[in-house]
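I have placed the structure first, in the form of structure tokens, so that the comments after it can refer back to it.
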Amino acid sequence: MADKFTSCVLPQDATPDEINKGMLDLLKKANQVHTDLTESATAQTEALATVDKTLTDKIDGLDFTALKDVNGYQKLPSGLIMQWGVYSGVLVHGTSYTVTFPISFPTACLTVLPSVFQNSLISTTTSLGFFKVMTKQKTDFTGQWGWTAGGSAQTDFNYLAIGY
């Protein structure tokens, strides 16, 4: 008897009792659909809240701190840190210079890449300037200035250091 009411169309010969029973069955089915949808929506809301919290925690854990300056650094989410800077002054051939990083590497300095900045004093000579790294630590590095002509020069050298 209930099957003839599932389409929501009542047969013309339905008795009032059949109509009432059909309507009651239809209301029960509608109530069950409502309950199922509410439970599904609640479960989806809870799942989305969990995903949102997980993503927020991951994003909050990323460290992109940077100092964008002449002497600066960039922290990467992998834990690597890139640092750069410039050393300016009168550099004397054969003399060691210690350069302090903008921040200390927490674990180790992996490499330091120096680069002589060719200013007008060096570019007008036939000599070449160079800077070789002697030691590297978490907080600084030490290197030696060299100039193929010997003596001293007012010049700069840049560096890029990578560590973690």
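The values are calculated or read from the model by the stated rules, or taken from the named source; none is laboratory data. Because the structure is predicted, anything quoted here is derived from the model rather than measured. With ideal geometry, Cβ positions are generated from the backbone for all residues, glycine too; neighbour counts draw on all protein chains shown.
Values computed for the structure shown
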| item | result |
| --- | --- |
| Qualifying positions in the stretch 50-95 - assigned to a strand (DSSP E or B) and either loosely packed, with under 11 Cβ neighbours inside 10 Å or touching a residue at least 60 places away in the same chain (Cβ under 8 Å) (or both) | I81, M82, Q83, W84, G85, V86, Y87, S88, G89, V90, L91, V92 |
| Selected residue (criterion: farthest from S115 (Cα to Cα)) from residues of the stretch 46-80 that are of a type in the set (V, I, T) and under 12 Å from the mean Cα position of the chain (by Cα) | I59 |
| Single unsatisfied condition, I103 versus (1) at pLDDT 95 or above; (2) of a type outside the set (S, T, Y); (3) in a strand (DSSP E or B); (4) within 21 Å of V70 (Cα to Cα) | (3) |
